[in-house]
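For reference, the structure discussed in these notes is given below.
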Amino acid sequence: MKKFDPKVFRLGYVAMATADIERTKHHYLEAIGMAQTATGDGGSVFLSVGYDHHNIVLAPAERKALLHVGFELKPDIAIAEFAREARAFGLAATIKTDSQPGIAELVEIKGPGGNVLQFYGAMEAPAPGFKKTAVAPVRLGHVAVISPEGEKLVRFYREFLGFWYTDDIQGIATFLTCNRDHHVLNVVNAPDSRLHHIAFELKDTAYHAVAADSLRSAGVNQLWGPSRHTAGHNIAGYHYDPDKLIVELYTEMDQFIPELGLHEPRPWHEHLPMRPRTWQLSELNAWGAEFSFNLAQG
């Protein structure tokens with residue numbers, strides 16, 4: 001059995017194109033509670049949850065799109081060596097310097113399905129501060145992408161980056177992690193190529209009500225939840241941003257122990273020990289709430 005050893009340890013940022021940058025920026029600043037740390041070329045903006053230089057990048061465009069996803073490399077992995085390994089794996093890897101505020105050097109790779117990924121060793125931390133109003137999440141936790149080459153993308157993340165498989169939903173959605181969180185990435189295998197959702201972790205479960213009330217005050221309705229998932233067992237609530245991108249707010253995500261190949265036991269687990277498994281489409285949540293958006297179509 002192949003031993004996986006992730007080359008990265010966390011999701012750093014997600015960059016998105018938006019057709020109405022002012023409205024979308026306003027949502028993340030005022031409704032979510034992020035802080036703007038910089039303005040880039042072409043009118044792009046860099047937004048921080050509270051510590052890192054940026055966790056969300058917005059760029060003006062004719063329509064919404066996923067531009068790239070950034071991951072932080074483990075401290076013992078050098079940028080040049082990582083680029084060489086990527087090329088040896090058959091990937092085009094470009095080293096960029098000062099290509100965006102806050103990051104002096106990174107490697108950009110074009111993965112399966114046209115997914116553009118960036119890998120960096122260090123990011124500035126201006127620490128603009130965590131908000132005490134609005135949703136006020138504590139971090140950007142995971143990202144979900146839809147790809148017609150989902151199987152190839154999963155293999156790339158597992159075989160090259162060393163991610164661990166933690167669960168899947170009927171072979172359509174695969175959950176992968178590079179740390180103890182149940183998932184840092186969710187790959188949906190469907191005939192489309194786009195971002196499905198981004199997810200922010202809240203301070204604790206009580207903040208789901210605070211977040212829902214805050215969003216309602218900002219004129220944003222819940223799309224689904226809060227309710228408890230099965231795969232990952234996170235309590236999650238979803239809403240649309242102005243571009244109709246799904247934004248998830250979550251707490252209580254399962255913690256994965258790769259050395260044992262199981263999730264830390266929790267009272268609400270359906271199976272003990274809770275090992276990675278295939279869940280059915282009828283098992284999307286544990287509380288019986290109607291899951292009101294299509295997994296593949298959003």
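Here's the yes/no breakdown for (1) in contact with a Cys (Cβ under 7 Å, 6 or more places away or on another chain); (2) surrounded by fewer than 21 Cβ atoms within 10 Å (Cβ to Cβ); (3) over 24 Å from Leu215 (Cα atoms):
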position	(1), (2), (3)
Lys7	no, yes, yes
Tyr13	no, no, no
His26	no, yes, no
Leu29	no, yes, no
Gly33	no, yes, no
Leu47	no, no, no
Tyr51	no, yes, no
Asn55	no, no, no
Ala59	no, yes, no
Next item on the list: Residue by residue through region 117-160, note down the ones that are surrounded by fewer than 21 Cβ atoms within 10 Å (Cβ to Cβ), within 19 Å of Ser214 (Cβ to Cβ) and touching a helix residue (DSSP H, G or I) at 6+ places or on another chain (Cβ under 6 Å).
Entry: Ala134
Next item on the list: Please indicate, with yes or no, whether at least one residue in region 11-18 is within 30 Å of Glu259 (Cα to Cα), of a type in the set (A, V, I, L, M, F, W, C) and assigned to a loop (DSSP other than H, G, I, E, B).
Entry: no
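Any chance you could count how many residues in region 260-285 are among the aliphatic types (A, V, I, L, M) and either touching a residue at least 60 places away in the same chain (Cβ under 8 Å) or not assigned by TED's automatic domain parsing to the domain that holds Cys178 (or both)? Spell out how you get there, then give the answer.
So the first thing to find is which residues in region 260-285 are among the aliphatic types (A, V, I, L, M), and the list is 260, 262, 272, 274, 281, 284.
From what's left, either touching a residue at least 60 places away in the same chain (Cβ under 8 Å) or not assigned by TED's automatic domain parsing to the domain that holds Cys178 (or both): 281, 284.
The qualifying residues number 2.
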Check: For region 216-236, how many residues meet the condition of being touching a Ser or Thr at 6+ places or on another chain (Cβ under 8 Å) and either outside any loop (DSSP other than H, G, I, E, B) or assigned by TED's automatic domain parsing to the domain that holds Ala31 (or both)?
Finding: 3
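The values are calculated or read from the model by the stated rules, or taken from the named source; none is laboratory data. Model, not experiment: these values are computed from the prediction. Glycine gets a Cβ as well: all are built from the backbone with ideal geometry, and neighbour counts include every protein chain shown.
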